[in-house]
């Protein structure tokens with residue numbers, strides 16, 4: 001394996017959470033709904049700073065010589081694609097898994113890839129797959145999810161189905177012309193959870209497989225035994241920079257610490 005480039009670990013954008021009691025002139029403009037930040041050569045992070053940080057997911061755009069890769073798709077509260085730094089080349093859209101905070105804008109892309117274990121959920125966007133109702137319910141919604149403008153009705157808001165155009169599995173490759181990502185199937189948080197590894201650059205697009213916070217393993221579809229096996233794989237994974245599905249990026253020693261801590265907590 002080639003030596004990994006020595007680029008810095010980026011920080012995470014600050015929260016700009018909006019309260020539903022704000023006067024209308026203080027609500028975000030649609031043009032300000034997303035924030036984009038360069039996190040590695042050719043890779044840009046897009047987030048929704050107006051969404052509560054517990055629920056705010058990281059979405060990554062990788063510009064390639066022959067195609068761009070879009071990994072994850074935010075909430076779908078407002079159109080995502082116009083805000084992304086796409087090059088104009090064909091876009092390969094890959095979903096890390098099917099939870100609502102990662103797949104809201106998945107339908108905006110023509111080429112949609114994901115794991116077969118969650119294909120039915122992408123096609124239907126059913127609550128059992130996306131867990132949408134848990135976050136927009138009367139109990140949790142006001143604390144976790146704010147609408148993009150005062151007239152937006154969370155009660156009637158629906159995710160747009162995004163059936164996969166192709167399934168991907170462990171060991172598959174996604175080739176952008178000048179860089180290649182290998183698909184890692186790492187279930188536990190969800191049955192079809194995947195990460196993408198650029199072995200040359202040493203970059204892991206991790207989705208919700210691992211991030212620097214409490215890992216959720218008791219959701220519908222989660223599996224603690226699967227998560228333990230996935231953490232064991234991560235302990236030996238050769239990568240330098242982990243771009244996680246939530247929060248800040250981190251390095252391999254931190255990934256190993258997080259994996260060991262999870263294993264210790266469940267064994």
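Every read-out reported here was derived from the displayed coordinates using simple, explicitly stated rules and does not represent laboratory data. All of these numbers come straight from a predicted model, not from anything done at the bench. Cβ coordinates were reconstructed from backbone atoms using ideal geometry, including for glycine residues, and neighbour counts include every protein chain displayed.
Against the 2.2 N^0.38 Å scaling, with N counting residues, where does the range 193-239 land? I'd like the Cα-based Rg ratio to two decimal places.
1.20
At q = 0.08, 0.11, 0.12 Å⁻¹, what is the base-10 log of I(q)/I(0) for the range 24-266 according to the Debye formula with one equal point scatterer per Cα and no solvent? Please give it to two decimals.
-0.27, -0.53, -0.63
Label residue 66 and residue 81 with points 7 Å out from Cα along Cα→Cβ: what is the distance between them in nm?
2.2 nm
How would you rank 99-106, 165-172, 207-214, highest first, on the average number of other Cβ atoms within 10 Å across their residues?
99-106, 207-214, 165-172
Provide the percentage of antiparallel DSSP beta bridges, counting only those with both residues in the range 24-266; round to the nearest 5.
Of those bridges, close to 65 percent are antiparallel.
What is the calculated FRET efficiency for residue 224 to residue 167, with r their C-beta to C-beta distance and R₀ = 30 Å, to the nearest 0.05?
Using R0 = 30 Å, I get an efficiency of 0.75.
So how much slack lies between residue 256 and residue 238, counting 0.36 nm per residue of separation and subtracting their Cα-Cα distance, in nm?
Numbers: separation 18, 0.36 × 18 = 6.48 nm, distance 1.07 nm.
Net length gain for the segment: 5.4 nm.
Which whole-angstrom value gives the distance between the alpha carbon centres of the range 175-230 and the range 90-126?
That distance is 15 Å.
What does the extension gain come out to for residue 200 and residue 127, with contour length at 0.36 nm per residue minus their alpha carbon separation?
The residue 200-residue 127 span can extend by a further 22.5 nm.
Determine, for each peptide in 148-156, 126-134, 215-223, 74-82, the mean count of other beta carbons within 10 angstrom over its residues, then list the peptides with the highest first. Spell out each step's value before the answer.
On the way: 148-156: 11.2, 126-134: 17.9, 215-223: 15.4, 74-82: 19.9.
Going by the mean number of other Cβ atoms within 10 Å, highest first, we get 74-82, 126-134, 215-223, 148-156.
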